[in-house]
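*Asks:* First the structure, then my questions, so here it is.
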Amino acid sequence: MRRVVVESPFAGDFEKNIEYARAAMADCIKRGEAPYASHLLFTQDGILDDTVPKERELGIQAGFEWGTFAMARVIYIDRGISHGMLRGIEEAHRLGQAVEFRAIPGCLEDPFVEMCKDGKVPANRKHEWIDWYVEAWHSMHEDDSGLHHFLGMRMTDYREWVGDPSILDVLTMVDPSENIDLTREPIAGSEMYRGFKLLWMPRPADAPWRGAWVVWVNMDYTYDWKGSDLDALLQKARARVDEFYEE
């Protein structure tokens, strides 16, 4: 049997996380693997207390020692990716072990996009993490929904992202369902403009930044929430409004 270390969340909602870790172990066994999960073993009563930092660290290090005998680390992401799981991924890379991302049908707690909006995904690692979620979706033996649902995207957004992955920065900051007459709280520190509409514009070839260009638009004024060289952006935006604006 293939020896694998199971990585899944533990701290937080202990009851649900333990239940999910057990489901991950069962999933491994169904795949013909021999799983090991130190966070299910060392956290039992009378062994170590995960809420005590020193004891938690002892458990992690003990798990790492046993983990050296594994053939791979399997990362179950339905309930997010915790700091401890990230350490497990780093340890696998240090050892040159294979790292596989997985999900269990019906267990997804929050789609990837929602996790980003809730601040549960490091802003500088969104593009790396979404690849992990895509791999996890493909790992499932069965699935009732499409990948775009699993990621938390509308199909139109998913197609945009496939064509231009940099648009992920937009999808994870703005709710596309609120395109018209925005009255929500401001985004990324920008001012709020009631009655403005959201205009998605392709990044000009000569633009100094990466990513899609999102602006708040009416026909009299345009505001770019990134705040980059606003005057120049206004000129470009006004020149492109007729071409790209959709009612």
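Nothing in this text is a laboratory measurement; each read-out follows from the coordinates by a stated rule. Keep in mind that this is a model prediction, so the values were computed, not measured. Here the Cβ positions follow ideal geometry from the backbone for every residue, glycine too, while neighbour counts run over all protein chains shown.
*Asks:* What ³J(HN,Hα) values, in whole Hz, does the Karplus curve 6.51 cos²θ - 1.76 cosθ + 1.60 give for the range 42-49 when θ = phi - 60°, with x put for Gly and Pro?
*Replies:* Working through the residues one at a time gives 6, 8, 5, 3, x, 10, 9, 9 Hz.
*Asks:* Can you list residues whose amide H is under 5 Å from Arg2's amide H, if they're 5+ apart or on another chain and H is modeled 1.01 Å from N?
*Replies:* Ala34
*Asks:* Could you please rank Ser82, Ser8, placing first whichever residue has the fewest other Cβ atoms within 10 Å of its Cβ?
*Replies:* Fewest-to-most ranking of Ser82, Ser8: Ser82, Ser8.
*Asks:* Turning to a different aspect of this structure: Can you put Arg94, Arg73 in order of Cβ neighbours within 10 angstrom, beginning with the fewest?
*Replies:* Ascending Cβ contact count within 10 Å gives the list Arg94, Arg73.
*Asks:* Taking the Cβ-Cβ separation of Asp13 and His127 as r and a Förster radius of 22 Å, what is the calculated FRET efficiency to the nearest 0.05?
*Replies:* Values: r = 28 Å, r/R0 = 1.27.
So the FRET efficiency works out to roughly 0.20.
*Asks:* What does the C-alpha gyration tensor say about the overall shape of the range 2-155? Classify as rounded when a/c is under 1.5, otherwise prolate if a/b is larger than b/c, or oblate.
*Replies:* Prolate, because a/c is 1.5 or more and a/b exceeds b/c.
*Asks:* Ranked by Cβ crowding within 10 angstrom, fewest neighbours first, how are Met71, Met85, Met153 ordered?
*Replies:* Arranged by neighbour count, lowest to highest, Met71, Met85, Met153 become Met71, Met85, Met153.
*Asks:* Something else: For Ala98, list long-range residues whose amide hydrogen, built 1.01 Å from N in the peptide plane, is under 5 Å from its own amide hydrogen.
*Replies:* HN-HN under 5 Å from Ala98: Arg73.
*Asks:* Of the listed peptides 101-112, 10-21, what is their order by residue-averaged count of other C-beta atoms within 10 Å, with the highest listed first? Provide the component values of the computation, followed by the final result.
*Replies:* Working: 101-112: 18.5, 10-21: 15.4.
Going by the mean number of other Cβ atoms within 10 Å, highest first, we get 101-112, 10-21.
*Asks:* Could you work out how far apart the two model spin labels at Met1 and Glu57 are, taking each label as a point 7 Å from the Cα in the direction of the beta carbon, and quote it in nm?
*Replies:* Placing both labels 7 Å beyond Cα along the Cβ direction yields 3.4 nm.
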